[in-house]
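Before I ask anything, here is the structure I am working with.
The values are calculated or read from the model by the stated rules, or taken from the named source; none is laboratory data. From a predicted model like this one, the values you see are computed outputs, not experimental measurements. Please note: Cβ atoms are built from the backbone with ideal geometry, for glycine as well, and neighbour counts cover all protein chains shown. Remember, those area values only see protein heavy atoms, side chains included, never the ligands or the DNA or RNA. Shrake-Rupley method; radii C 1.70, N 1.55, O 1.52, S 1.80 Å.
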Amino acid sequence: MSDKKYLRNDKLPHIWCPGCGNGIVLSALERALEQANVDKDKTVIVSGIGCSSRMPTYMDFNTLHTTHGRALAFATGVKLANPELTVFVIMGDGDATAIGGNHLIHACRRNIGLNAIVVNNNIYGMTGGQYSPLTPTGMKATTAPYGMVERNFDLCELAHAAGATYVARGTVFHAKPLTDLILESMDNDGFSMVEVLSTCPIGFGRRNKIRGNYELMEWVKNRAVNVKAAAKMSEEDLRGKLLIGRLYSEPAEEYTKCYDKIIEIAGKEAKR
Amino acid sequence: MSDIRLMQGNEACALGAIHAGVRFYAGYPITPSTEIAEIMAEELPKYGGKFIQMEDEIAGMAAIIGASLTGKKTLTATSGPGFSLKQENIGYAAMAEVPCVVVNVQRGGPSTGLPTSPAQSEIMQSKYGSHGDRGAIVLTPSTVPECFRLAVRSVNLAEKYMTPVILLMDEIVGHMREAIDLEEERKAEVYDRKKPDCGPEDYVAYAPDENGAPVLAPFGAGYRYHVTGLTHDETGFSTMVPEKVERVNRRLVDKIENNKEDIVMWEETCTDDAESVIVAYGGAARAAREAVELLRAEGKKVGLFRPISVWPFPDKALTALAAKVRSVFVTEMNDGQLAGEVKKVIGGKVPVDGLFVMDGEIMTPQEIADGWKGANQ
């Protein structure tokens, strides 16, 4: 990889397995940050625990690698304490939707100005392939040797229902559109979430007889349908598919700005 | 001029924190600490500060760590069950060396226990509650003015040693009302976190200062560095190199232990001629002080030793005292948690007995006096 403005090039090569989607997500994010020309000193990258949460290590910003599931809660503290900072939060599917599910819905509800990226590889990769809430029902994991018995939820619908004001989904197959979605999410002054359908060839693909990296990429691609194309498709054709593209953009007043009004009111009270 | 008020320990704690410069609070409601959150919600925005009620105790702890990294002084308050939930992130703050203050207004346990009754059963948890080895600073106030004073000191020590500090209150001092002279208390000195004395190009985030603590620049100030709960070297990036791993783990213990003289606090009452000493702290020390008076009135030469910092424990002072007395008697509202440390420090030189109460009731001076007599016949 050539030297990138926003990367800690001395920290590369990364720890990820061949065929892992994390590198594509990192590249897309790096491109988006470069296109937005963000100030490195005024941007913070927060993450939880897991393979994708190692991403901030390679990024030349103030980076905060937190505890499992809690990235959004740490990021809420960063943003509220200093709203001038641009704050990205990188999480995996297990991190964001299982152990961190509570923080996710409340960050959405508050509409706090965070840019969340959830890298969904359908599995707990770092611990070796256990099922997550987003392991498709029936597919295998080390803790679902007979197939995933639980149902999934649609993460984007969940985030929207909880109050996120920008919600999009991309894939690691569609790298350029992913960059555009991340860039667009930065324009939303409020809580934005981009879910990225990604690949874990070792923990997920191999166990589910999707043997090659290309085949797994193909599997990800075939699950996704562009939201515009979906409008012309039948319910039957859409069964089991996930919509990609910008799904919701419903601007509302951002939380730290709402709190600034509280400071104004309290300041007047104090003077009286 | 004086500004004498009648107030609760919880209120004094909140006002002390604000005096110390706390401008960010994140927490979750829990009895008997909730008044601290309520006061912070009302007061902090008046100072341009921020209050947020998070979705759970874990998030409250996480948010104050995040906020602290922007350079703000931060605090959260909780009680037993919430203190248990916060432990993982307290360990994170210790490992990542992010200053913050956690107030635990102790109530009866285990589990939900006695939400509105006092106990002192988190002495060990306050030091050993999170996994891994590290030094710990834990302060225990015994009066309402001391809640103010120790809130200030907790913030100062957190900022100086770049570590979470536990202000270990109990339901007695948290909810009792007592006179406090705010004018006087507000003379307390305030310590502000160090800023890097070099430019970003020479900055090494986790290089220790003379106290063994790093100088962490506020996020957004132009110093870009990495913060992680993984074992890391001086650059802040993770490492598994044994010498580097040993170095950071050793430093997390040593930066407290080697600065014990600066951190430890204790109080002695009537110990000059004492032949026996009662050891008590926090709310229970109030009854112990009166027990000393009762016993003195009967001609017994008894004194009171009150650790104010339970961790680090004032071991030198107690060792010196133990050389002069014939017995030690520990009173606490748990099954003898600090008594274990007292025995360790005294090392069998004099007998150590105690009165350990777990009934959710405030122990009376007479109970303590009777207990002492039973042990010192």
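Collect the residues in the stretch A:40-53 that are at the interface with chain B (Cβ under 9 Å from one of its Cβ atoms) and open to solvent by 10 Å² or more (accessible area, probe 1.4 Å), keeping them in residue-number order.
A:40, A:41, A:42, A:49
Please tell me if residue B:171 is surrounded by fewer than 20 Cβ atoms within 10 Å (Cβ to Cβ) and modelled with pLDDT of 95 or more.
When the stated conditions are applied, residue B:171 does not pass them.
Then there is this: Would you mind telling me which numbered condition in (1) open to solvent by 20 Å² or more (accessible area, probe 1.4 Å); (2) touching a Ser or Thr at 6+ places or on another chain (Cβ under 7 Å) residue B:105 fails?
Residue B:105 satisfies all of (1) open to solvent by 20 Å² or more (accessible area, probe 1.4 Å); (2) touching a Ser or Thr at 6+ places or on another chain (Cβ under 7 Å) except (1).
For residue B:224, indicate whether it is assigned to a helix (DSSP H, G or I) and either at positive phi or in the same structural domain as residue B:88 (by TED's automatic domain parsing) (or both).
Details: assigned to a helix (DSSP H, G or I): no; either at positive phi or in the same structural domain as residue B:88 (by TED's automatic domain parsing) (or both): yes.
When the stated conditions are applied, residue B:224 does not pass them.
Additional query: Find the helices (runs of 4 or more DSSP H) located wholly in the stretch B:257-332 whose residues include 2 or more that are of a type outside the set (Phe, Trp, Tyr) and buried (at least 24 other Cβ atoms within 10 Å of the Cβ), and list them.
Values: elements: B:260-263, B:284-297, B:315-322.
Of the helices (runs of 4 or more DSSP H) lying wholly inside the stretch B:257-332, those with at least 2 residues that are of a type outside the set (Phe, Trp, Tyr) and buried (at least 24 other Cβ atoms within 10 Å of the Cβ) span B:284-297.
Table: residues versus (1) in contact with a strand residue (DSSP E or B) (Cβ under 6 Å, 6 or more places away or on another chain); (2) away from every other protein chain (no Cβ under 14 Å).
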residue	(1), (2)
A:210	no, yes
A:219	no, yes
A:224	yes, yes
A:236	no, yes
A:255	no, no
A:272	no, no
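Mind listing just one residue for me: the one in the stretch B:6-15 that is in a strand (DSSP E or B) and surrounded by 17 or more Cβ atoms within 10 Å (Cβ to Cβ) and, of those, farthest from the chain's Cα centre (by Cα)? I'd like the intermediate steps shown before the answer.
Here is the first cut: in the stretch B:6-15, the ones in a strand (DSSP E or B) are B:6-8.
From what is left, the residues that are surrounded by 17 or more Cβ atoms within 10 Å (Cβ to Cβ) are B:7-8.
Numbers: B:7: 21, B:8: 18 Å.
So the residue we want is B:7.
Now for a separate question. Which number in (1) within 30 Å of residue B:302 (Cα to Cα); (2) part of a loop (DSSP other than H, G, I, E, B); (3) touching a strand residue (DSSP E or B) at 6+ places or on another chain (Cβ under 6 Å) marks the one condition that residue B:167 misses?
Here residue B:167 meets the rest and fails (2).
Go through the stretch A:80-107 and report how many residues are surrounded by 24 or more Cβ atoms within 10 Å (Cβ to Cβ), within 11 Å of another protein chain (Cβ to nearest Cβ) and in contact with a helix residue (DSSP H, G or I) (Cβ under 6 Å, 6 or more places away or on another chain).
The number of residues fulfilling the criteria is 7.
Right, here's the next one. Could you tell me which residue of the stretch B:216-232 is nearest to the other protein chains (Cβ to nearest Cβ), considering only residues that are surrounded by fewer than 20 Cβ atoms within 10 Å (Cβ to Cβ) and within 19 Å of residue B:91 (Cβ to Cβ)?
Applying the filter and picking the extreme gives B:230.
Right, here's the next one. Hey, does the stretch A:22-36 have a residue that's open to solvent by less than 10 Å² (accessible area, probe 1.4 Å) and within 14 Å of another protein chain (Cβ to nearest Cβ)?
Yes - at least one qualifying residue is present in the stretch A:22-36.
Scan the stretch B:233-249 residue by residue and report those that are away from chain A (no Cβ under 14 Å), in a loop (DSSP other than H, G, I, E, B) and acidic (Asp, Glu). Spell out the reasoning first.
Keep residues of the stretch B:233-249 that are away from chain A (no Cβ under 14 Å), which gives B:234, B:241-249.
Filter again for in a loop (DSSP other than H, G, I, E, B), leaving B:234, B:241.
Once the filter is applied, which keeps residues that are away from chain A (no Cβ under 14 Å), in a loop (DSSP other than H, G, I, E, B) and acidic (Asp, Glu), the stretch B:233-249 yields only B:234.
Can you tell me which residues in the stretch B:177-192 are open to solvent by less than 40 Å² (accessible area, probe 1.4 Å) and part of a loop (DSSP other than H, G, I, E, B)?
Within the stretch B:177-192, just B:188 meets the criteria.
Quick check: anything in the stretch B:134-141 surrounded by 24 or more Cβ atoms within 10 Å (Cβ to Cβ) and touching a Cys at 6+ places or on another chain (Cβ under 9 Å)?
yes
Just name the residue that is nearest to residue A:95 (Cα to Cα) out of those in the stretch A:59-79 that are open to solvent by 10 Å² or more (accessible area, probe 1.4 Å) and more than 7 Å from chain B (Cβ to nearest Cβ).
Checked the stretch A:59-79; the qualifying residue nearest to residue A:95 (Cα to Cα) is A:68.
Which residues, counting only those in the stretch A:137-161, are within 18 Å of the chain's Cα centre (by Cα) and surrounded by fewer than 19 Cβ atoms within 10 Å (Cβ to Cβ)? Full working, then the answer.
We begin by selecting, within the stretch A:137-161, every residue within 18 Å of the chain's Cα centre (by Cα); these are A:152-161.
Once the filter is applied, which keeps residues that are within 18 Å of the chain's Cα centre (by Cα) and surrounded by fewer than 19 Cβ atoms within 10 Å (Cβ to Cβ), the stretch A:137-161 yields A:152, A:153, A:154, A:157, A:160, A:161.
Right, something else. How many residues does the stretch A:1-10 hold that are exposed (fewer than 15 other Cβ atoms within 10 Å of the Cβ) and closer than 17 Å to residue B:237 by Cα? Reasoning before the result, please.
If we filter the stretch A:1-10 for residues that are exposed (fewer than 15 other Cβ atoms within 10 Å of the Cβ), which is where we start, we get A:1-3, A:5, A:9-10.
Those left that are additionally closer than 17 Å to residue B:237 by Cα: A:9-10.
Matching residues across the stretch A:1-10 total 2.
Same structure again: Tell me whether the stretch A:116-132 contains one or more residues that are in a loop (DSSP other than H, G, I, E, B), touching a Phe, Trp or Tyr at 6+ places or on another chain (Cβ under 8 Å), more than 9 Å from chain B (Cβ to nearest Cβ) and without any contact (Cβ under 8 Å) to a residue 60 or more places away in the chain. Before the answer, list the steps.
Here is the first cut: in the stretch A:116-132, the ones in a loop (DSSP other than H, G, I, E, B) are A:121-123, A:125-129, A:131-132.
Now restrict to residues that are touching a Phe, Trp or Tyr at 6+ places or on another chain (Cβ under 8 Å): A:121-123, A:125, A:129, A:131-132.
Filter once more, so that each one left must be more than 9 Å from chain B (Cβ to nearest Cβ): A:121-123, A:125, A:129, A:131-132.
Then drop every residue that is not without any contact (Cβ under 8 Å) to a residue 60 or more places away in the chain, which leaves A:131-132.
Yes: the stretch A:116-132 contains one or more residues that are in a loop (DSSP other than H, G, I, E, B), touching a Phe, Trp or Tyr at 6+ places or on another chain (Cβ under 8 Å), more than 9 Å from chain B (Cβ to nearest Cβ) and without any contact (Cβ under 8 Å) to a residue 60 or more places away in the chain.
Do we have any residue at all in the stretch B:292-305 that's of a type in the set (Lys, Arg) and within 30 Å of residue A:49 (Cβ to Cβ)? Outline the logic, then answer.
Of all residues in the stretch B:292-305, those of a type in the set (Lys, Arg) come to B:296, B:300-301.
Okay, now just the ones that are also within 30 Å of residue A:49 (Cβ to Cβ), so none.
No, there is no match, as no residue in the stretch B:292-305 is of a type in the set (Lys, Arg) and within 30 Å of residue A:49 (Cβ to Cβ).
Of all the strands (runs of 3 or more DSSP E) wholly in the stretch B:16-112, which have at least 2 residues that are within 28 Å of residue A:269 (Cα to Cα) and more than 10 Å from chain A (Cβ to nearest Cβ)? Don't jump to the end; show me each part of the working.
Numbers: elements: B:22-27, B:50-53, B:73-78, B:100-108.
Answer list for the stretch B:16-112: B:22-27, B:73-78, B:100-108.
Of (1) in contact (Cβ under 8 Å) with a residue 40 or more places away in the chain; (2) over 17 Å from residue B:98 (Cβ atoms), residue B:56 satisfies all except one. Which?
All conditions pass for residue B:56, except number (1).
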